[in-house]
Amino acid sequence: MGVAVGGSRPGVPVVYFVFGIMVSPIVAGYYTDGIAGLVLPSTVLIVGTQVLRGILHVAIIILVMQIWYRSRRQLVIALTASFFVFVAMYDVVLAYEMPIVLIATHAVEVLADSFVFSWIVVALFAPLVFGSDSGRTPFNKR
């Protein structure tokens, strides 16, 4: 699994970058007008941030899959929720001065890209069946 995950790193930020491009017509004006002190970051900074974020998310997924005992669907939902909270809630806490349309658009973008990214990684790397004892965690198997 390490080779496959390592080989996927160059493609990790693609999901995030595509969703960012999709919402850019809605949010770009806020950055170019400097509303709330916003500045449009360079493409290098955006891609670098997304690569780092993607690698961190893959590392988290690998760790979670080591102890996961429920279905793949539940794993996708759990990862989506955790990535959404990790990324969007951090932004919302810091964005109290930003316009609500910017916060809402970003939240929808992050929720959607977290779901797609989680689904892709689980589809590629998660085993088809987690554990043989349904309802038991790896910590209470006997």
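The values are calculated or read from the model by the stated rules, or taken from the named source; none is laboratory data. Given the structure is predicted, the values throughout are model-derived calculations rather than measurements. Please note: Cβ atoms are built from the backbone with ideal geometry, for glycine as well, and neighbour counts cover all protein chains shown.
For residue 118, indicate whether it is in contact with a helix residue (DSSP H, G or I) (Cβ under 8 Å, 6 or more places away or on another chain) and at pLDDT 85 or above. When the stated conditions are applied, residue 118 passes them.
Touching a residue at least 60 places away in the same chain (Cβ under 8 Å), more than 9 Å from the chain's Cα centre (by Cα) and assigned to a helix (DSSP H, G or I): which single residue out of 55, 77, 61 fits that description? If you could, list the steps in order and put the result at the bottom.
Working: 55 fails: touching a residue at least 60 places away in the same chain (Cβ under 8 Å); 77 fails: touching a residue at least 60 places away in the same chain (Cβ under 8 Å).
None of the other options fit; the residue is 61.
Taking residues in the stretch 91-110 that are farther than 22 Å from residue 80 by Cα, and partners anywhere that are assigned to a helix (DSSP H, G or I), the pairs with Cβ atoms closer than 7 Å and at least 6 places apart or on different chains are 97/36; 98/36; 99/30; 99/35.
Quick check: anything in the stretch 66-78 closer than 29 Å to residue 26 by Cβ, in contact with a Phe, Trp or Tyr (Cβ under 7 Å, 6 or more places away or on another chain) and among the hydrophobic types (A, V, I, L, M, F, W, C)? Scanning the stretch 66-78, I find at least one residue that is closer than 29 Å to residue 26 by Cβ, in contact with a Phe, Trp or Tyr (Cβ under 7 Å, 6 or more places away or on another chain) and among the hydrophobic types (A, V, I, L, M, F, W, C), so the answer is yes. Hey, can you tell me all the residues within the stretch 82-116 that are farther than 17 Å from residue 24 by Cβ, hydroxyl-bearing (Ser, Thr, Tyr) and surrounded by 14 or more Cβ atoms within 10 Å (Cβ to Cβ)? Within the stretch 82-116, 82, 114 meet the criteria. For the stretch 63-77, residues that are of a type outside the set (Ser, Thr, Tyr) and either more than 14 Å from residue 122 (Cβ to Cβ) or surrounded by 15 or more Cβ atoms within 10 Å (Cβ to Cβ) (or both) total 8.
Listed by first and then second residue, the pairs with beta-carbon distance under 8 Å, at least 6 apart or on different chains, first residue in the stretch 29-48 and within 15 Å of residue 103 (Cβ to Cβ), second among the aromatic types (Phe, Trp, Tyr) and surrounded by 10 or more Cβ atoms within 10 Å (Cβ to Cβ), are 36/30; 38/30; 38/31.
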